[in-house]
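Contents: one structure, followed by commentary.
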Amino acid sequence: MTGRHTDGIPARRTRPFALAGSSARSDAVRITMNSLVTAAVPAEATNTLPDEWRAILAVCHSAPAQTVIVTELAARLHVFVTPLSAMLGELLARGLITHQPAESADHASNIHLLHRVRDGLARKL
């Protein structure tokens, strides 16, 4: 998420964590790398938002059911998960996204489920 000046030197951009206010609120929902986020506003309503927030919502809007996992968002946007989670917390607080927490550790480590997911992905590729 960096721009370039006309002379080829990288432009300075606002850090994603700074956009989120860089404050950890105790009442904030914990968004982890396995959380699912869904765009809660239409794409047309994002024109006045910061570029980084619009990029997040654009990825959500392009995904099936407008829902994407945090790690995929980080990969597509070329940002680290921690500052992305902070930005997502701010988007959630503003009502721009909804959040579905990750499954419990017991369910997430179900080897049979993981094999089914792997096989389904292999069929799609």
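The values are calculated or read from the model by the stated rules, or taken from the named source; none is laboratory data. As the structure is a computational prediction, the values presented were derived from the model and not from experiment. Please note that ligands, DNA and RNA were not included when accessible areas were found on the heavy atoms of the full protein model with its side chains. Shrake-Rupley method; radii C 1.70, N 1.55, O 1.52, S 1.80 Å.
Going from most exposed to least, what order do 54, 94, 76, 123 have by accessible area with a 1.4 Å probe?
Values: 54 80, 94 145, 76 120, 123 185 Å².
The ranking, largest first, comes out as 123, 94, 76, 54.
Which order do 62, 35 take by accessible area at a 1.4 Å probe, largest first?
Details: 62 80, 35 0 Å².
Per-residue accessible area, sorted high to low, gives 62, 35.
From the phi of every residue in the range 44-60, what ³J(HN,Hα) in whole Hz does the Karplus formula 6.51 cos²θ - 1.76 cosθ + 1.60 yield, where θ is phi - 60° and glycine or proline is x?
Computed from phi, the couplings for the range 44-60 are 5, 8, 9, 4, 9, 7, x, 3, 5, 5, 5, 5, 4, 5, 5, 5, 4 Hz.
Heavy atoms only, probe 1.4 angstrom, no DNA, RNA or ligands counted: give me 70, 81 ranked by accessible area, highest first.
Numbers: 70 0, 81 45 Å².
Ranked list, largest accessible area first: 81, 70.
What ³J(HN,Hα) values, in whole Hz, does the Karplus curve 6.51 cos²θ - 1.76 cosθ + 1.60 give for the range 86-94 when θ = phi - 60°, with x put for Gly and Pro?
Per-residue couplings from phi come out as 5, 4, 4, x, 5, 4, 5, 4, 8 Hz.
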